[in-house]
Amino acid sequence: MPQFAALLRKDSQPVRYLVVDDSVFARKNIIKMVQLFGGEVAGEAGDGLTAIAEFNRTKPDIVLMDITMPQMEGIEAVERIVRQHPEARIVMVSSVGYQENILAALQKGAKHFVQKPVKPEVLYEILRYVLSDDPSAAGAPVALAGEHRS
Amino acid sequence: MRMDLIQPFINAADAVFAESLQGPTKIGDLSMEEGAYRRKGIAALIAIKGDIEGRVILDLAPEVASKVAAILTGTESADEQIARETVCELANMVIGNSVTLLNDQGYTFKVFPPEIHTSDEGLRGSADTEAMVLAIETTCGNIFLNIAMHHLARRRRERDLAPAVR
């Protein structure tokens, strides 16, 4: 795995992520990547309904959201989260990457889209871009992941 | 069998396995299934609904599934539960990428979450359903895709070009 400069909030704290995917395997994979980027896992969810509850509970900086899930799909969960929290930053992570899906997610308030299988360097650049739009977070990398931050 | 429908599955499977396993892959045997397909080991089934409807099964022998899971989780070995989750997620990625390619050709779909397929028999062809098995050779062993689907509607482009019925 390549090394990545840590993506931090403006207050130099790690970015907190909510990882939403019905596959435990996929969640573990994404969690490994965000930890590689110096991030922290605020919560996990396996469906859209749980994702909404976890968002309200943990108030993460970024949500990484799958689309195809049981009970409530990712796009509907995005719509509900953004309706309540317009400042929410949600990145869709799905293997189904056709235009209608991407447009629907963006129209409901998602900030970006990453197609599976996820390449760490692609996810990193997208997170950096999404964070750079956040007045409370520093998109610019300030330290290497795993390095001591003072 | 319409190859324009099958080719996206072949391309997606090849790309997903090459990327996930970080090794060479080769498309092996491709056969039509007129008789019953026999499950090889750990299999995940995904249902597709839309302009084309059907089901796809991704099937790995237990030892192959275990090797693939170990690579993807970065561990020396993987237990059966992890192997099952790995097969489901691989199926999700292959089918998701396939329907993305088919959508670019004008077909629209809804894909359902993968389920572990426990029946010993897979999907066989019928008068209205074409079924085939594709073997993908990887460094971990062969991975099988059992695809069965039938057309329900013309693709968007054809519908758009068709004169309006008065």
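At-a-glance table
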{"read-out": "Filtered residue count, the range A:32-67, keeping only those that are among the aromatic types (Phe, Trp, Tyr) and within 14 Å of another protein chain (Cβ to nearest Cβ)", "value": "0"}
{"read-out": "Residue check for residue A:88: farther than 28 Å from residue B:83 by Cβ, aliphatic (A, V, I, L, M) and part of a loop (DSSP other than H, G, I, E, B)", "value": "yes"}
{"read-out": "Test: residue in the range B:17-37 that is assigned to a helix (DSSP H, G or I), in contact with a Gly (Cβ under 6 Å, 6 or more places away or on another chain) and surrounded by fewer than 16 Cβ atoms within 10 Å (Cβ to Cβ)", "value": "no"}
{"read-out": "Which numbered condition residue B:11 fails, given (1) in contact (Cβ under 8 Å) with a residue 12 or more places away in the chain; (2) assigned to a helix (DSSP H, G or I); (3) within 17 Å of the chain's Cα centre (by Cα); (4) surrounded by 17 or more Cβ atoms within 10 Å (Cβ to Cβ)", "value": "(4)"}
{"read-out": "Candidate set: the range B:70-93, residues that are more than 8 Å from every other protein chain (Cβ to nearest Cβ), outside any loop (DSSP other than H, G, I, E, B) and not basic (Lys, Arg); chosen: the one nearest to the chain's Cα centre (by Cα)", "value": "B:91"}
{"read-out": "Index of the failed condition, residue B:3 passing every other in (1) within 14 Å of another protein chain (Cβ to nearest Cβ); (2) free of Cβ contacts under 8 Å to residues at least 60 places away in the same chain; (3) within 30 Å of residue B:104 (Cα to Cα)", "value": "(1)"}
{"read-out": "Residue under evaluation residue B:40, criteria (1) among the basic types (Lys, Arg); (2) away from chain A (no Cβ under 12 Å); (3) assigned to a helix (DSSP H, G or I), criterion not met", "value": "(3)"}
{"read-out": "Of all residues in the range A:6-27 being away from chain B (no Cβ under 14 Å), in a strand (DSSP E or B) and over 20 Å from residue A:121 (Cβ atoms), the one that is modelled with the lowest pLDDT", "value": "A:9"}
{"read-out": "Residue count for the range B:53-74, restricted to those that are charged (D, E, K, R) and surrounded by fewer than 18 Cβ atoms within 10 Å (Cβ to Cβ)", "value": "2"}
{"read-out": "Residue within the range B:95-105 that is more than 17 Å from the chain's Cα centre (by Cα), outside any helix (DSSP H, G or I) and either at the interface with chain A (Cβ under 10 Å from one of its Cβ atoms) or of a type in the set (D, E, K, R) (or both) present", "value": "no"}
{"read-out": "Complete set of residues in the range A:91-125 that are away from chain B (no Cβ under 14 Å), hydrophobic (A, V, I, L, M, F, W, C) and part of a strand (DSSP E or B)", "value": "A:91"}
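The values are calculated or read from the model by the stated rules, or taken from the named source; none is laboratory data. Quick caveat, the model's predicted, so the values are computed rather than measured. Glycine also receives a Cβ, built like all others from the backbone with ideal geometry; neighbour counts cover every protein chain displayed.
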